[in-house]
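To start, the structure itself, in structure tokens.
The values are calculated or read from the model by the stated rules, or taken from the named source; none is laboratory data. All of these numbers come straight from a predicted model, not from anything done at the bench. Note: ideal-geometry Cβ built from the backbone for every residue, glycine included; neighbour counts use all protein chains shown. Protein only, heavy atoms only, side chains kept; ligands, DNA and RNA dropped before computing areas. Shrake-Rupley method; radii C 1.70, N 1.55, O 1.52, S 1.80 Å.
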Amino acid sequence: MSAQYQTEIFSIEDNPAERRLLEIFLAQVDPRCHLTFAETGGEASKRLGELAGREPPCLPDLILLDLNLPDRDGHSLLCEIRNHPKLKDVPVIIFSNSRNPADMGKSQTYQANAYFTKPPSADEFEALLRRILTVELPSYRRFERESVA
Amino acid sequence: MKDFGDLISGVSQEDYKSLFQLAFGANSSLAIILQDPEGRVTFWNRGAECITGFRAEEMLGEFFGALFLPEDRTLKVPERELLEAAAKGYTENERWLHHKSDTRFWGSGINTCIRDESGRSLGYVKVFRDRTISKQTEEKINRINAELTHFIHLASHDLQEPLRMIGLYLELLKKRCGEKLDREANEFVEHAGNSARRLQTLIDDLLKYSQAGNEEESFAPADMSSIFDAVVDDLKPAVDGKKAIVTRQTMPILHVNAPQISEVFLNLLSNALKYSRAGVPPVILVDARPINSEWVFCVQDNGIGIPENQQQAIFGPFKRLHAKDRYAGTGLGLAICKKIIERHKGRIWLESSPGHGARFYFSLPRRQNE
């Protein structure tokens, strides 16, 4: 992943229309972000494993995870990430259409950093990405530093 | 020992039994069973034989409780039934019972405790029918209904996602490419966007409708006044915009699903605001009265009213009385209300004549402490 970007975001999203929206709104909110996509859970697992295996590991700053993936349940991928020795501390935000409290609860159990339902309008989409970059993400980093110390 | 025969003076025990046998013995669609005060069978007619599969000679002297399903016997249901009949005079009940062929049947009937002049129990008369077919039909309907509701829920959920994309891309088309499009193209985008939003509301309402029957959601005591006031607060822009006056009387605390009751008030108030007469500010009065075993709520308005021939149909799904461009809405609001109120074991109805406004009523059962 290139060093000219400040924030590396790895998105697991199978819907091309949703991927394009993420690109459009992220460019609007913060052009210094770089987005990489995986379209399936299997692809994500393989690519993330490979990034973590580099010397030194080349981890994304944030994983955006859709729960409804074509090949596997997003929660099982979350579980895999949290159990991976090198990926386990990477912030994971669930980005889903589900408003089901059971899904939200499960995401919390498997230690996602946050859960957001996909926004219904352009303004809300931008506002959410802005919030993730300026409020959510910095708070996770601080939390991790504290927990290490 | 005293027996039922003692009830009719001058008739011997034996005469009485044959009289009983003559009167009820041959009836084959209705089970008629006599039990002594301990619950042992003393009379077993033809109907009881047909319905249970057990012959009179197999059952005389046995406890009727033996026909209860093992799980009911563990819970002492047979004993409780007799105790209740003894305490109240009778007990009505419906339950699965054991048939001799190792199948079960749905017995529905009444068990009456018979006492002599001094109040001493002489035993019980149990009368029941085999309602297995109607019970099975009922269970099948409930199952199909649950499947259908689940399907509506899933379908509306799956419809939401592509629709969200359509809405967002139409928005982007307008925002980012609007200048490149001519007036006609912009108008088309506008119409498509409006339709997408309408469809979104429709799907939201469908989801609410499918959830209105969801048994898992909880009931708890809630102050109806505060539920109502919160709804009025949410509707403040519409209330102010129409210069409407909304007044309510004191309402009780009831055992309800608060978000759902809030939805009912929201729909009824929105309708009262929406269907107002041109140039006449809406005046909406809401009260709650205890009537018999219910609380009856009334939402009264001074709007355009509802023609008599449409008052029944108005609670059906997708029922709209007006053109879409005159009054916005999905046609599901009152259907949602009806489903919610019925789930609360209440009723919903209306009184109205065109030009004189409408009064929407709904009732909620009172519990003993309310």
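Computed quantities for the displayed model
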item: Any pair with Cβ under 9 angstrom, 6 or more apart, that starts in the stretch A:71-83 at a residue that is more than 10 Å from A:SER45 (Cβ to Cβ) and touching a residue at least 12 places away in the same chain (Cβ under 8 Å) and ends at one that is aromatic (Phe, Trp, Tyr) and open to solvent by 50 Å² or more (accessible area, probe 1.4 Å); result: A:HIS75/A:TYR110; A:LEU78/A:TYR110; A:CYS79/A:TYR110; A:ARG82/A:TYR110
item: Residue within the stretch B:98-117 that is touching a residue at least 24 places away in the same chain (Cβ under 8 Å), of a type outside the set (Val, Ile, Thr), more than 22 Å from B:ARG131 (Cα to Cα) and surrounded by 17 or more Cβ atoms within 10 Å (Cβ to Cβ) present; result: yes
item: One residue from B:ARG183, B:ARG197 being within 14 Å of chain A (Cβ to nearest Cβ) and of a type in the set (Lys, Arg); result: B:ARG197
item: Hits in the stretch B:134-179 - residues which are in contact with a Ser or Thr (Cβ under 6 Å, 6 or more places away or on another chain) and within 12 Å of chain A (Cβ to nearest Cβ); result: B:HIS153
item: Residues satisfying the stated conditions in the stretch B:245-276, i.e. basic (Lys, Arg) and either in contact (Cβ under 8 Å) with a residue 40 or more places away in the chain or in a helix (DSSP H, G or I) (or both); result: B:LYS274
item: Filter result for the condition that a residue is closer than 30 Å to B:ARG197 by Cα, open to solvent by 30 Å² or more (accessible area, probe 1.4 Å) and hydroxyl-bearing (Ser, Thr, Tyr), over A:THR109, A:THR117; result: A:THR117
item: Residues satisfying the stated conditions in the stretch A:106-128, i.e. in a loop (DSSP other than H, G, I, E, B), out of contact with any Phe, Trp or Tyr (no Cβ under 9 Å at 6 or more places or on another chain) and away from chain B (no Cβ under 14 Å); result: A:TYR110, A:GLN111, A:ALA112
